[in-house]
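Structure, as structure tokens:
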Amino acid sequence: MLLAACLTLGGCGEEAMPAQHRLQGADAAAGRRLVIEHDCGVCHVIPGLRGARSHVGPSLAGFGGRGYIAGVLPNTPDNLVRWLLDPPAIAPMTAMPDLGLREQEARHIAAYLTTMR
Amino acid sequence: MNAQSVLAPAGPDGDLLAQLSWLLFAGGAIIFLAVLAFILAAALGGEAARRTLRSRRFILAGGVAFPVVVLSVLLLHTLGLARALSLPLPGGTPPLIIQVTGHQFWWEIRYPGTLPDGGVVTANEIHIPTGRDILLEVTASDVIHSLWIPALHGKIDLIPGHVNRRLLRADRPGVMRGQCTEYCGAQHALMAFYVVAHRPEEFEAWLGRQRLPAEAPRDEFLAMGREAFGAAGCGGCHTVRGTPWQGRLGPDLTHVGSRLSLAAGVLDNHRGTLAGWIAGAQDLKPGNRMPSFAAALDGAELRAVAAWLESLK
């Protein structure tokens, strides 16, 4: 109920989100290093990463504020982790492969992506 | 990163060139400091110093005799070194011949005589055994390129219509990097390659694996990838031994999954980069000869082709 109320009242900041929906123990700086290590820039434009300029997939600029992931999944931190761990399981027609990320790596990357406003 | 440095040699020619580099650097530094000292002496040393510095004896000694002697010695040393760089290993083991053809913007590597009807063909990676002379026979298919593996030797030009030959040798196993060193077009800066020096037994094992044709797809997803590769027309440019596709315009992909990099040393090699390269080659390396194939493959097909290529180890 509280969650639904927060989502409908657009003025809620991250602080108002219930704790279990935040990425506990995830580090956005580690996420940035993982994004470089896993070559996400090969398909996505990523602001602040030199060389990440490909247009195969959507640009990740402003990703934190986007409504849906891949046009199908509501953009919440937990959903983002699910997506990163196995994109084809959620969207069978997607061009984004399963990159073999570990759960903790996906959480760090999700923390990094949610900072992109 | 010492994989691509003249000052981190991995073979006898590399050692000679590194020594020459240090000799020139040290000699130049000494002469520079001496000239600096003379300038300071002239500026601050008083009339007696200036009288010495401008005397005919000093100018003839420092400005004529010294350079003539030093440069003559250096010339003889360099001529001796140039001769040493072109000599084969004593002992007479015939060299391993590797043919390199430069293209815009990738390297075709052939091992003649290693297959009944020709030889193993790979791209953007030169594997060699240590301790044995390698004879590189190099040419180009389009414009002039140049091959340089700083750890092993000096630059060799790849000239269309002409074959240049260079002997070289690696003494220690390891991975080295080289680059194109003759401007060859829009992506000259992204035309690198790796050199992997193996112990002789490991080299034979590598060559044995490369001799094999591509293995059959292990599951349905990989089989779908193989089929999509054909349907999208990839075989028009690429060869995969063990399949019907024998295209010669682009790199041989028979064992592409076993390579250290994609796109001539530019990208890591896994299903993510394979998919990104196939779908967006023109975004990553604009002006290279491979189009972006996003329009020809739907999402699932792209993932399947990338997974299949990744499996060609």
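Scan region B:272-294 for residues that are in contact with a Phe, Trp or Tyr (Cβ under 7 Å, 6 or more places away or on another chain) and either open to solvent by 40 Å² or more (accessible area, probe 1.4 Å) or of a type in the set (A, V, I, L, M, F, W, C) (or both) and the total you get is 3. Here the condition is being within 13 Å of chain A (Cβ to nearest Cβ) and modelled with pLDDT under 95; of B:Val266, B:Val305, it holds for B:Val266 alone. Of everything in region B:36-47 that's out of contact with any helix residue (DSSP H, G or I) (no Cβ under 7 Å at 6 or more places or on another chain) and among the small types (Gly, Ala, Ser), which residue is most open to solvent (accessible area, probe 1.4 Å)? Among residues in region B:36-47 that are out of contact with any helix residue (DSSP H, G or I) (no Cβ under 7 Å at 6 or more places or on another chain) and among the small types (Gly, Ala, Ser), the one most open to solvent (accessible area, probe 1.4 Å) is B:Ala43.
Checking each residue in region B:14-37 for being touching a residue at least 24 places away in the same chain (Cβ under 8 Å) and more than 36 Å from the chain's Cα centre (by Cα) picks out no residue at all. Among the residues examined, B:Ala231 qualifies as over 18 Å from B:Leu136 (Cβ atoms) and hydrophobic (A, V, I, L, M, F, W, C). A single member of B:Leu17, B:Leu24, B:Leu7, B:Leu33 is within 30 Å of B:Gly154 (Cβ to Cβ) and in contact with a helix residue (DSSP H, G or I) (Cβ under 6 Å, 6 or more places away or on another chain), and it is B:Leu7. What do you reckon, is B:His127 open to solvent by 20 Å² or more (accessible area, probe 1.4 Å) and within 30 Å of B:Ala281 (Cα to Cα)? Criteria not met by B:His127. Apart from one condition, B:Arg259 fits all of (1) closer than 23 Å to A:Leu34 by Cα; (2) away from every other protein chain (no Cβ under 14 Å); (3) touching a helix residue (DSSP H, G or I) at 6+ places or on another chain (Cβ under 6 Å); the exception is (3). Does any residue of region B:289-296 turn out to be charged (D, E, K, R), touching a Pro at 6+ places or on another chain (Cβ under 9 Å) and either touching a residue at least 24 places away in the same chain (Cβ under 8 Å) or under 21 Å from B:Tyr194 (Cα atoms) (or both)? No, region B:289-296 contains no residue that is charged (D, E, K, R), touching a Pro at 6+ places or on another chain (Cβ under 9 Å) and either touching a residue at least 24 places away in the same chain (Cβ under 8 Å) or under 21 Å from B:Tyr194 (Cα atoms) (or both).
If you go through region B:259-280 and keep only what is of a type in the set (A, V, I, L, M, F, W, C) and outside any loop (DSSP other than H, G, I, E, B), you end up with B:Leu262, B:Leu267, B:Leu274, B:Ala275, B:Trp277, B:Ile278, B:Ala279. Close Cβ contacts (under 7 Å, 6 or more residues apart or on different chains) running from residues in region A:43-58 that are without any contact (Cβ under 8 Å) to a residue 60 or more places away in the chain and more than 8 Å from chain B (Cβ to nearest Cβ) to residues that are outside any loop (DSSP other than H, G, I, E, B) and open to solvent by 40 Å² or more (accessible area, probe 1.4 Å) comprise A:Leu49/A:Ile36.
Residues of region B:281-303 being more than 31 Å from the chain's Cα centre (by Cα), in a helix (DSSP H, G or I) and not acidic (Asp, Glu), which ones? Selection gives B:Ala295, B:Ala296, B:Gly299, B:Ala300. Remark: pairs (first residue in region B:137-163, polar (S, T, N, Q); second residue not in a loop (DSSP other than H, G, I, E, B); Cβ separation under 6 Å; 6+ apart in sequence or on different chains) = B:Thr139/B:Thr101; B:Thr139/B:Leu158; B:Ser141/B:Thr101; B:Ser141/B:His103; B:Ser146/B:Asp157. Of all the listed residues (A:Ala106, A:Ala61), the sole one being aliphatic (A, V, I, L, M) and either within 13 Å of chain B (Cβ to nearest Cβ) or open to solvent by 30 Å² or more (accessible area, probe 1.4 Å) (or both) is A:Ala61. For region B:67-119, a residue qualifies if it is more than 15 Å from B:Asp13 (Cα to Cα), among the small types (Gly, Ala, Ser) and surrounded by 11 or more Cβ atoms within 10 Å (Cβ to Cβ), and the qualifying residues are B:Gly102, B:Gly113, B:Gly118, B:Gly119. In the set A:Asp86, A:Asp78, only one residue is among the acidic types (Asp, Glu) and modelled with pLDDT under 95; that residue is A:Asp78.
The values are calculated or read from the model by the stated rules, or taken from the named source; none is laboratory data. It should be emphasised that the depicted structure is a prediction, and the values quoted were computed from it without experimental measurement. No Cβ is skipped: glycine too gets one built from the backbone with ideal geometry, and neighbour counts run over all protein chains shown. These accessible areas exclude ligands, DNA and RNA; they are computed on the full protein's heavy atoms, side chains included. Shrake-Rupley method; radii C 1.70, N 1.55, O 1.52, S 1.80 Å.
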